[in-house]
Amino acid sequence: MKGALVETRAERFAAMGTRIELHQFGRAAPDALLAGRRAIEAVDDALTIHRPSATTAVNDRLIAGEVAMIDDPVLLDALAAIAEAWRATDGLFDPTVGSGGGAAWPALSVDRGSGHIEAAQPTAFDFGGFGKGFALDRAAAAMRAAGVTSAFLSAGESSVAVIGDHPLGGAWPVAIPHPLDPERWLVELTLRDEALSVSSTVGDGAAAPGRSPMIRPSDGMIVTAAATAVAVDASGAVAEAMSTALLVAAPDAAQRLIGADPARRFTFAFDDHTRRMTA
């Protein structure tokens, strides 16, 4: 017996410095995909540091040691999500850079009610991959509000989010390729109303032009060890923060984070950039 046809729609565009794809399955409001796109573009406009934005305006004030005023609700929501991610990663995810080169989130004072933000030292934001997860969260929320019950959203090859079940039933199967051997998988997972993030110091994505290096918040050092981290969470923002934290963490700290959710957090180390995994 032939199965019923599933209505599908897709939206593809460039934002957040990467290729965005939104795939909707089943019936929903005609503008559901557009709502998802607009949500992502709003995040891009608010969080980018590559052109004038709400974030660059705040950075200019904080770098000068002045109090900044945030009137962009997307940026305010992003800062609230960062506070959650900072706690979830034991402070190992920090999108700030202080005057000493290290992380500066604990030195910030943010008043969401008034929109005032100030820092105890010259500070700037660089949201990096966090912005992609945060954008996917907002796109998924907008699409759900428009009636979408099954969708696959991606921001590049390292950030995905899913809504509901796979259109053929059950959870969404996702396989993470080995960054140095495309014929092998690192791990295979299933997702349902979750987001996944991959962070890596090796592979094509790590070598992309303009890609910021991974920085260890505690000392501001660049992380160069050949490794990949994978994290899944109900929040795309937290998943992005967690994969970053796992990549920059010392082994004992990484194991503590993995131990809190071993079925959804993974690290893989590679010996001298070869195809052999050492952990």
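The values are calculated or read from the model by the stated rules, or taken from the named source; none is laboratory data. None of the values given here were measured: they were computed from a predicted structure. Note that each Cβ is placed from the backbone with ideal geometry, even for glycine, and that neighbours are counted across all protein chains shown. Side chains are part of the model used for accessible areas, which takes the heavy atoms of the whole protein and leaves out ligands, DNA and RNA. Shrake-Rupley method; radii C 1.70, N 1.55, O 1.52, S 1.80 Å.
A few notes on this one:
- Sequence-separation-based contact order of segment 43-114, relative, with Cα cut under 8 Å and 6+ spacing, percent: 17 percent
- Whole-Å semi-axes of segment 226-274's equivalent ellipsoid (Cα gyration tensor): 19, 12, 9
- Prolate/oblate/rounded call for segment 85-151, Cα gyration tensor, a/c under 1.5 rounded: prolate
- The chain shape via C-alpha gyration tensor axes, a/c threshold 1.5: oblate
- Surface exposure of the chain, expressed per residue as accessible area with a 1.4 Å probe, stands at 48 Å².
- Ellipticity at 222 nm from helices only: DSSP H runs of n ≥ 4 in the chain, each -39500 (n - 2.57), divided by the residue count, give -9000 deg cm²/dmol.
- A57 paired with H166, simple spin-label distance in nm, labels 7 Å along Cα-to-beta-carbon: 4.6 nm
- Contact order normalised by residue count of segment 28-149, Cα under 8 Å, 6+ apart, percent: 39 percent
- Carbon plus sulfur fraction of accessible area for segment 1-102, probe 1.4 Å, in percent: 54 percent
- Segment 2-54: trypsin sites (Lys or Arg not before Pro) in DSSP coil with no more than 11 other Cβ atoms inside 10 Å: K2
- Percentage relative contact order, the chain, counting C-alpha pairs under 8 Å, at least six apart: 18 percent
- A 1.4 Å probe, protein heavy atoms only, puts the accessible area of I63 near 90 Å².
- Global form of segment 4-113, assessed from the alpha-carbon gyration tensor, a/c cut-off 1.5: prolate
- Measure of compaction for segment 122-200 (Cα Rg per 2.2 N^0.38 Å): 1.25
- In segment 38-96, the alpha-carbon atoms span a convex hull of 97 Å³ per residue.
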